[in-house]
Each structure stands twice: as structure tokens, then as C-alpha cells.
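See below for the structure under consideration.
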Amino acid sequence: MSEPDAKRGTAVWVSRAGLNQLIANLKAQGYQVVGPRIADGAIVYDAIEGISDLPSGWTEQQEAGTYRLRRRDDDALFGYNLGPQSWKKFLHPPLLRFFAAERNNGELRILPSTEPAPRYALLGVRACELAAIQVLDRVFLKDAFVEPNYASRRRDLVVIAVQCTRAAPTCFCRSMGTGPAVRSGFDVALTELGEGFVAQAGTERGEQLLGSVERAPADEELIRQAQEAVEQAAAQMVRRIETQDLARRLQEALESPHWDDVARRCLACGNCTMVCPTCFCTTVEDTSNVRGNRAERWRKWDSCFTESFSYIHGGSVRTSVRSRYRQWLTHKLSWWVDQFDMFGCVGCGRCITWCPAGIDLTQEVSKLVASG
Amino acid sequence: MSAAAEKILATTLARVVAVERETHDTFTLSVTPVEGEPPEPFQPGQFSMVYVFGVGELPISISGDPADTERLVYTVRSVGQATHALVSRKPGDVIGVRGPFGTAWPVKEARGKDVLIVAGGIGLAPLRPVIYHVLRNRDDYVRLIVLYGARSPRDLLYRKQLAEWGRAPDTQVLVTVDYGGLSWRGHVGVVTTLFRQLRLHPAETVAFICGPEIMMRYVIRMLEARGVAPQDIYLSMERNMKCGAGFCGHCQLGPYFVCKDGPVFSYRQMQPWLDLHEL
């Protein structure tokens, strides 16, 4: 609530029952509501029927290479920070059929996918994740070309943000300027306090959504408590990246010996790119049936950590792990600035948590900059 | 969604109307759209994403005459599964094309100057539209110089055309091969050795280079040593591409997406990055 001008309407108090009603209203409007729930020992984003699906009383313990679900002392619905998945799995799906094609007597027919794009309402979007969606918007909607599959999922998107009231040790959104307070890009922003939420609309649609559920005015005291809870999250943050002049300094460190040091630890598994909310690279896969008269073309998430990623006739451009880690890190924090006038990193820390070797982006960056 | 945005990823069916064998492994395919409008006009240096049923999609430079509005022409060397499938197409077969994509050789900016073309191997294909353009607009340019290197005589592309171009006024075509064999009476050596036979006017020259990166780096050194300014040197870069529109991320080279910021770059743009190993 640091920038009240970005938010519309006055803050209101919404109970858990009110949130449940909001979910039901969204579903009644034809939205597929997706939000946090427990699966496979982690908090993942999936379809939500109501607040009973939310990870009540759960939190997580995160460190470099570590993620464990833990019980909380209370039954908070949003008492965690971030699981392995990001919202890009809905907006930029990991697997997407571009088209099918049929061939009969040498004649080719393209059968475009006609399924309408799903209408999503995202529940529980953190500030860093809002920033990540804005990064993807920049890449897919505001560059030379518009990516139609992203555009169709993005157009009617409803975003219910939830501000963080705690920070994981892996979080560094504060230094990236993306959180923990949400600023823009949401329809409704919630801050969880005990048995309910301080809620504020960010759009006209958000106002309508809040207007259709049971609510009470939020007094000064509640608003202050919500603000303090978010400030507490900011204060808890231990990791940071010094962004001052970072893009240029990393370009000066392109030949740093420290890349070899990282390469000795990096397994080139690509986990960091899969969990990253802004990594957008894809490849395509062609399949055909046994008779050879029907083929399909699928798009899949890809990772710059694979050797085949940079393959051209004669061999791959980036054969060494050193060069692939360098591509990933410099893209996030340097080239992205050249390409899109922003960083490709929002400070969510997922790449730190989910790296099986526990490689910590924030540490590598400070060593690289120091060595450059 | 606007029609233009949809079109970026939608392939247009095109029928193969001619297949010419250039060398033992390289073929030139001409295609026209199966229905409707003639193909999108292209500029020299641009490429298409060419789809072969069930096999895949490839970035292929357009090697035809930009003034030919009826057909799209691709010269393809069979080096892998998808290129093999593409060169195996027969007249009448249907493929898919998207594009044209990418930046072009700055033929307008080169007006009033000598145009120096340096090509290695299949790198002559994306430069052939420039030659067509210069010969068609001969008065706009001073000299046309083509330096072309291939591995061996049997790898030379467009042999008949090379001879024809060499006979055009104010046009010099110099060809070299790495290995000549017994019957070859021409020049032997890497393409930079041809510079000895040239009288360059560095301030009046615009150079367009396409070939293996190592060759382009040496050609650039040669041009710089002879006083051609970095902003008058252009090169076409190759990287893995899956989409052509900046979405798939594969073609990144430093700050650039080769598919939309290139493939044609000025040397001034590429200078900081060209010598960095595995960038």
C-alpha cells in the first residue's frame, strides 16, 4: 500500500467466507480459478474449487537446494512464499499443440488448433510473480511481434494478488524492486491478517469482484497492520542483488574465471530455467503417425542449459557448461536489459531453492561482478 | 487477435514448382503459395521458416530475385534430417512457409558505392538476392565485386550464374576453392587470399559477408586492414531458430535475437561479441 495511487477504491475487510464467495463468483463467470494447493510434498498451482483447497496451516522451509513443507502454528491460507511452479505454466503452457497437419496424395492440409484459450483467474499471485507476468507481457506482447497463444490467455486474465507477510531466506524481491508490496497489474490485492484479508481493488473488475462479496470497511488500524505485515516481510529478506550498473558490469565479466568455478558445480540440469517465472524459451517437436498421413507440431518449454539448444549444423555454439550458465545468468541480468529495458529476474529465488547443487544466483552475481 | 499477429506463427502452404540440383548435396527449390495471394515480398538477406510435413521447420534464407513477386526461392544444403527431407521434395509437393523474417542487406544505403560480396559455401545463397538487385539496378552502384570460396569445385553453387555475372559490366567475380583437384585451373586457397587480386576503394566500399564465422572474422580483419570502416561492413549470422519471431529464445547472441535483430548485422553492432568464444 506504499503507492496508493496504483490502487483503486478504499481498502475493505473480506472474511474467509468472503474469499470463498469470490472464488465461487469467478467460477460462475466462467473462469477457471487456479491457486495454491498441496501436491507431491510441495505447494503447487492448480485448479481451486474453494478455500478448502488452499494450503491452510502450511508453510515451507527454503534454502539453496532445499525445500520442505512445514506446519505453521496457525491456519493461515497464504502463510508460505513460493513453490516450484510459477503462473507461466498457465500463461505460457509447458506443452502446446501448434497445429496438426494431414497429407493425402501429396496435398497438405493444416488443421489449426481451434480450442478457445482457457479463461484463468489466478489466486495468490505474489508481488514478484506479478512482476514476472509483466516481464512476460513485455516479451510476448510488447515487442516486434505479438505471441498469439500468450495473448489469448492473457487478455481476459483475472489476477488476485496476495502480499507476502513473510520472506523465505531465498527471497530477494526487495533488491530487484519488485516486492514484497504489490504495486500494479492486479485486479484485487489481498493481505492476510488472522481470519481474513485486507483487500483492495486495482482495476474496475477488481472493484466489481469485491463489490459482489460480503465485506466490511477496513479501518485505519487494519490498514496499518497489513502494511506492517508486508514491511516485516521486507525486513526479513537476507539475500540481495546489487542492481546498480549490473547489466554493464556483467558484460565486463564475460571472460571472468568465476564462470569456470560455477561450471564445476552446475549440473546443467535446467531446473532453474523450469522454475523461473520469466524463462520463456521453447522448442518444437514434430510427431507423425505410423501411416505417415498425419503429423502434429508441439511447442515445449526448453532450456538454454541443454547442449542441443544452440545447435546449428556442425555442432552446438555452447558446448561447455560454463558458456551455458553464462548465457542464462547474463540473459537474466544483462542482455534482458538491452532487449527489453528490464531485468529478466524478479527476485523470487526459485532458481536457488530448486538447484540440486545449491548454486545461489545472488552469490554468483556478486562474485562475478567483483571479478570482472 | 489481429490477423497479422496470428500470421506470425501460422504457416502458409506453398507448392514446389521447380527443384534444381546445384551440387551433389545442394538444391534450389522454387515455391508458390497454393492459393490466394502471391508470397509476401522479401528483401535481400531475409529468411523464411520452412515447414516439411512431419519432419520440422527450418530457417532458410531466400536466395531468389527480390523482383520476382511470384515465387520464393530457397537454396538448401542437405546436412541433416530436416534439410534432407526438404531437398527431397519434388515439383508438385506442398510445404509450409512463414515469413519473411529478419533484417536485410542495406542495399539502399550502398547506393553510389562499390558493393563487395564475400561468401563462403552455402553463404552465397542469402547474398544472391543482392547480386540480382545490383545487376537489375546497375546505375545505382559503382562496381560489383563477388569473392566466393567453396571447399572444392564440386561444391560451387550457381556455377553458370557466376560466369554470367563475371561478364556483366563493372563486375568482378573471383572464385576460389580449398582443394582444387586435378582438373581445377582456378584459384586455390581460402577466400581471403582473393583480396590480393583486388583494388579496393575502402571509403567507397560497402561489404556484405556471409559464411562460416571463422571465415567472416578473417574477412573482417582483411577489410579493416584495408581501411573499410566497421559501419560499412555487414555480416549475416547463423544461430539455432525455432520460431523466427523472438519467442523461442534459441537464436540469442549477446544482446540480440538473430531472428529479429538480424540475421544481417553491421559489423559495428557485432564487433564486441564476435570474438567471444561460445557466446
Selected residue [crowded, with 18+ Cβ neighbours inside 10 Å, in contact with a strand residue (DSSP E or B) (Cβ under 6 Å, 6 or more places away or on another chain) and away from chain B (no Cβ under 14 Å)] from A:226, A:295: A:226
Residue among A:186, A:172 that alone is touching a Cys at 6+ places or on another chain (Cβ under 9 Å), buried (at least 18 other Cβ atoms within 10 Å of the Cβ) and at pLDDT 95 or above: A:172
Strands (runs of 3 or more DSSP E) enclosed by the stretch A:1-107 - at least 1 residues per element that are under 26 Å from residue A:220 (Cα atoms) and open to solvent by 10 Å² or more (accessible area, probe 1.4 Å): A:8-15
Residue A:365 vs. criteria of a type in the set (Val, Ile, Thr), open to solvent by 10 Å² or more (accessible area, probe 1.4 Å), assigned to a helix (DSSP H, G or I) and touching a residue at least 24 places away in the same chain (Cβ under 8 Å): no
Count - residues of the stretch A:98-145 that are farther than 15 Å from residue B:54 by Cα, of a type in the set (A, V, I, L, M) and modelled with pLDDT under 95: 2
So residue B:45, is it farther than 24 Å from residue A:108 by Cα and either away from every other protein chain (no Cβ under 14 Å) or without any contact (Cβ under 8 Å) to a residue 60 or more places away in the chain (or both): yes
Elements of type helices (runs of 4 or more DSSP H) in the stretch B:194-279, at least 1 residues being more than 14 Å from chain A (Cβ to nearest Cβ): B:213-225, B:267-270
Qualifying residue in the stretch A:109-132 (condition: touching a strand residue (DSSP E or B) at 6+ places or on another chain (Cβ under 6 Å), open to solvent by less than 30 Å² (accessible area, probe 1.4 Å) and not aliphatic (A, V, I, L, M)): yes
Filter result (over 23 Å from residue B:214 (Cα atoms) and open to solvent by 30 Å² or more (accessible area, probe 1.4 Å)) within the stretch B:120-147: B:132, B:133, B:135, B:136, B:137, B:138, B:139, B:140, B:142, B:143
Where residue A:280 falls short, out of the listed (1) at the interface with chain B (Cβ under 8 Å from one of its Cβ atoms); (2) aromatic (Phe, Trp, Tyr); (3) more than 19 Å from residue A:86 (Cα to Cα): (3)
Test result for residue A:346, within 14 Å of another protein chain (Cβ to nearest Cβ), of a type in the set (A, V, I, L, M) and either open to solvent by less than 20 Å² (accessible area, probe 1.4 Å) or assigned to a helix (DSSP H, G or I) (or both): no
Qualifying position, being over 16 Å from the mean Cα position of the chain (by Cα) and buried (at least 23 other Cβ atoms within 10 Å of the Cβ), among A:316, A:334: A:334
Residue in the stretch A:231-243 that is open to solvent by 20 Å² or more (accessible area, probe 1.4 Å), at pLDDT below 95 and among the basic types (Lys, Arg) present: no
Residue selected from the stretch B:90-119 under the condition over 30 Å from residue A:105 (Cα atoms) and within 14 Å of another protein chain (Cβ to nearest Cβ), by the criterion least open to solvent (accessible area, probe 1.4 Å): B:101
Hits in the stretch A:148-166 - residues which are buried (at least 24 other Cβ atoms within 10 Å of the Cβ) and in a loop (DSSP other than H, G, I, E, B): A:163, A:164
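The values are calculated or read from the model by the stated rules, or taken from the named source; none is laboratory data. For clarity, every value in this text was computed on a predicted model and none was experimentally measured. Note that each Cβ is placed from the backbone with ideal geometry, even for glycine, and that neighbours are counted across all protein chains shown. Ligands, DNA and RNA are stripped out before the accessible areas are found, and what is left, the full protein with its side chains, is counted by its heavy atoms. Shrake-Rupley method; radii C 1.70, N 1.55, O 1.52, S 1.80 Å.
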